[in-house]
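Peer 1: Here it is, the structure in full.
Computed from the coordinates by the stated procedures, all read-outs in this text should not be read as laboratory data. None of the values given here were measured: they were computed from a predicted structure. Glycine gets a Cβ as well: all are built from the backbone with ideal geometry, and neighbour counts include every protein chain shown.
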Amino acid sequence: MENSELKLTIRPDLGGRIDQLIDQKTGHEWLWHPPDYDASQTRSLPVGASFDDHWSGGWDEMFPNDGEGLSQNRHLVDHGELWSQAWDVVETTPSSIKMARFCETVPVSVEKTIRLEETQARIEFQFHNKSDETIPFLFKHHAAIAIEAGDEILLPDCLIEPVALGFSKIIGRAQKTHFPKAFAADGQEVDLRKALPRSSHSQEFFYSSDLAKGECGIRNQRSGTALMMTFDQADFPYVWVFQIYGGWRDYYVLVMEPCTTIPYDLDVACQNGTAAQLQPKERQRRTLTIHLQR
C-alpha cells in the first residue's frame, strides 16, 4: 500500500506485520531487519517458538503476554502468539487490509486492520473475549526501527525506569527519573536521547510511564525526519524502549513499544493493578497512528 508519504509492505504470513515502512520522499526504510533476513522467504513456526531465536525485524505485535510462563492457570508462550502465526486475510482494498486470528492460549479472537489515510497509516486492533471470565493481558507494538548514531529518541515528558538492571549497560540504578535523564551505577547523570554508535557495544531497556501525551518516535539525524506514533493514552499508557547498540547479538536497532501493561511479567502486573483486562464477552479496540514529521 502506498500514498505520497508512505509505502507499506504487509506480511499476513509473518504475524500480519508491517514488514517495510518507506518514506516516499527520501526512500528511507524505517524498519530494521537482521543482515541475514530474506524477504522472499516465509516461515512456519509453532505457537510457543522462541521470539529471540526467530526475530526477523519489522513491526510485530505481542498479545496476550510478553514473558513466557503460567498465568491465570494458562500457559502463555514467549512474546505471546500473534507474532509467530500466519493471519487470515478477511478483506483488502488498495489502501487497507483486514486480518483475523483466533488465539490458542486465551479464548480471544483478534482482528487487525491497517489503513493508509492521506499522510498517515492507522493500525486498529479489535479483541473479542469469547469467554465468561475476565482475561488480563498485555498488548504492545514492537516496532524494530533502523537507526544511525545520533538519531534522537522522542518521548513526551514522562517517567522512566530500567526493565532489568542485569540487562542495562547505561542506566545503573533502579529508580524512576524524568526522561531523558537517568543515573549510571556510579551516580553520574546520563542522557538517553541519542542513539549511540555500534562501537559502544551498549544496550538499554526501559519503561516509560505517566506520559504527558500519547506519542513517541525517533528522528533521523541525517534527514531531520521523524517517524512518529500517536495513540490514546487509555489504549497505551506505557512505552517500552529497547536500545541495542551492538551489545546484544551484535544487533544495531531500536525497538519502540507502546504498550498496555507493565512490567513484562503478567502476574506481577495483575498484582500491581497495571495489567489490561478484557471483561467477559467484551469487544475492545485499540488504535495507533503512524506519520512522518518533517
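Peer 1: How big is the charge dipole of the stretch 6-293 about its Cα centre, in debye rounded to the nearest 20, if each Lys and Arg gets +1 on its Cβ and each Asp and Glu gets -1 on its Cβ?
Peer 2: Charge dipole of the stretch 6-293: 460 debye, to the nearest 20.
Peer 1: Compute the length gained on full extension between Leu159 and Arg222: take 0.36 nm times their separation in residues and subtract their Cα-Cα distance, giving the result in nm to one decimal.
Peer 2: Values: separation 63, 0.36 × 63 = 22.68 nm, distance 2.81 nm.
Extra length available between Leu159 and Arg222 comes to 19.9 nm.
Peer 1: In whole Å, what are the extents of the stretch 210-274 along the principal axes defined by its C-alpha atoms, from largest to smallest?
Peer 2: Ordered largest first, the stretch 210-274 gives principal extents of 43, 30, 13 Å.
Peer 1: For the stretch 123-147 and the stretch 256-290, what is the centre-to-centre distance using only Cα atoms, to the nearest Å?
Peer 2: Between the Cα centres of the stretch 123-147 and the stretch 256-290 lies a distance of 7 Å.
Peer 1: Now for a separate question. Given the DSSP H assignment, sum -39500 (n - 2.57) over each helix run of at least 4 residues in the chain and divide by its residue total; what's the result at 222 nm in deg cm²/dmol, nearest 500?
Peer 2: Mean residue ellipticity at 222 nm (helix-derived): -1000 deg cm²/dmol.
Peer 1: Then there's this: Largest first and in whole Å, what are the equivalent-ellipsoid semi-axes of the chain based on the Cα gyration tensor, each being the root of 5 times an eigenvalue?
Peer 2: Details: eigenvalues 151, 119, 65 Å².
Working through the eigenvalues yields semi-axes of 27, 24, 18 Å.
Peer 1: Can I ask one more? Which of the aspartates and glutamates could a cross-linker bridge to Lys25, judged by Cα under 13 Å and excluding same-chain residues fewer than eight apart?
Peer 2: Counting by Cα, and skipping residues close in sequence, Lys25 has these aspartates and glutamates nearby: Glu2, Glu5.
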